[in-house]
1. With the radius of gyration and the Kirkwood radius both derived from the Cα set of the range 193-310, what is their ratio Rg to Rh?
2. How big is the Rg/Rh ratio for the range 397-469, C-alpha atoms only, Rh by Kirkwood, two decimals?
3. What residues qualify as long-range amide H neighbours of residue 233, i.e. H under 5 Å apart, gap of 5 or more or another chain, H built at 1.01 Å from N?
4. Nearest 0.05, what FRET efficiency do residue 62 and residue 470 give at R0 = 45 Å with Cβ-Cβ as r?
5. Determine which aspartates and glutamates satisfy two conditions relative to residue 367: a Cα distance under 17 Å, and not lying fewer than 8 residues away in the same chain.
6. Run the reach check for residue 31 against aspartates and glutamates, Cα to Cα strictly under 14 Å, same-chain hits fewer than 8 apart removed. What comes back?
7. Given the DSSP H assignment, sum -39500 (n - 2.57) over each helix run of at least 4 residues in the chain and divide by its residue total; what's the result at 222 nm in deg cm²/dmol, nearest 500?
8. Below 27 Å, Cα to Cα, which lysines can residue 326 reach? Residues fewer than 8 away in the same chain don't count.
Amino acid sequence: MIDSKAFRRYAHEFADWMADYLETVEALPVKPNVRPGDIFSKIPDQPPMQGESMSAIFGDFKQIILPGMTHWQSPNYFAYFTANSSYPSVLAEMLTATMGAQCMVWETSPAAAELEEKVMHWLRTMIGLPDDFEGVIQDSASSATLAALLSAREKASSFRINEAGFQDNRTFRIYCSTEAHSSIEKGVKIAGFGRKNLVKVGTDAALALDPGKLKEAIERDLSGGLTPLCVVVALGTTGTSAIDPLKPIAAICKEYGLWLHVDAAYAGTALVLPEYRKMIKGIEEANSFVFNPHKWMFTNFDCSAYFVKEPETLIHTFEILPEYLKTGTRGEVNDYRDWGVQLGRRFRALKLWFVIRDYGLEGIRTKVRNHIAWANELAEEIRKENSFTLFEPQNLGLVCFRYTPSGFTDKEKLNDLNNRLMKSVNDSGRIYLSHTKVDGWIILRMVVGQTNVTREHVMGAWQLLREKAEQLIDR
Ligand SMILES: *Cc1c(COP(=O)(O)O)cnc(C)c1O
């Protein structure tokens, strides 16, 4: 076991390794070339009886683990949505890990609770949310959405379902678009509503929820004796970053008295730019809102910002008070264990504070603006290229497109071609992108948003895609 002296030496060695890694990560294959079981088979079946040297452990990290990692911090990472990190975020995580504090209640780390309250106020200002929203950091948007669904359930039942379980004969209905994230369905299952009571409402041509269809679905449910409860709006769907029209949906929620939850997991970061605040017109009517600084705001996973209009409802939904958790400061301070599922909580506010202070609001804005500008530029290139088809509307930093060379019209053949194109660029290790499906078409997705991505990386990826695409046809 290493002692304090060895810890100091390794901490310096690791810090050098970390800096080297981040400086050179772009040269590594973004997606590792491994098969299922490759790593598993290299790890001994039994744990060591005697402690091993840190140099042996670190050596195995470099030899066994690193070649099996996907390098999310590579500027050639364009898949899914980014999970950004940054220097200030990593530095803060080092301090967090060192203090190893468990921040369940104010008393177990007063500074953590008070910093969390303050940075959530900062974030609220940064993205233009009204002042009457209060924030709490959750591990993920999935947890935040679950918290929203449970809060909606408890509010509607005057907290009786928490107390006695589902007892009356009401069947609650939850609404989101067909393009909304799978975490909503997961939350609906966990909250006990039943998956069948998630109503997936149709979208318009832009794949945004159609308010007219929402209203029809609510009316249909009401006349069928069902109980509409909650609508989840997606600002930036995961497939194509479609933006649901918040304002008309908020009006419908108001009319029918429904809980309105806004899932802006990815797109929320764009709200730091005043020119994108139009996405949240109508937000005053929302009950809850979530976005992930761990996606696009340079704060390493995990860090999800959940904002609610009535913290009392959230707290009342989650609070429990066994004797061993009673404190003398209850009511005066925020005990965040009552603001979500977890009791024990990491000190996540520290890294957010470091990131916001290191970049400054203008620094964050500049990066996000650049990402969107390069995505627009890429979209323009794709629009000009005859053998590719851009998916429109193109929103924020996400660019969706298909390879559609002349002579191919059959859906299956084109889908196969696009799957092969994706595999070929990803297998090259030079870039990594992912796909979605729209109307049965395979669509390739490229997210421009990695912390260190530049215009050159984006244009380089486009060049590689065209080269690989041509090779597919030659064969
Ligand atoms: C990524 C994403 C989620 C899930 O985020 P987690 O933090 O991983 O739970 C939810 N909704 C949308 C729209 C997303 O893009």
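The values are calculated or read from the model by the stated rules, or taken from the named source; none is laboratory data. Nothing here was measured: the structure is a model prediction, and the numbers come from that model. We place every Cβ from the backbone using ideal geometry, glycine too, and count neighbours over all the protein chains shown. Ligands, DNA and RNA are excluded from the accessible area calculation, which covers all protein heavy atoms including side chains. Shrake-Rupley method; radii C 1.70, N 1.55, O 1.52, S 1.80 Å.
1. Radius of gyration over Kirkwood radius for the range 193-310 works out to 0.98.
2. Dividing the radius of gyration by the Kirkwood radius yields 0.97.
3. 261, 262, 263
4. 0.75
5. 275, 358, 377, 456
6. Answer for residue 31, where 14 Å is the Cα cut-off: 427, listed by chain and number.
7. When only DSSP H runs of four or more count, the value is -13500 deg cm²/dmol.
8. 118, 155, 309
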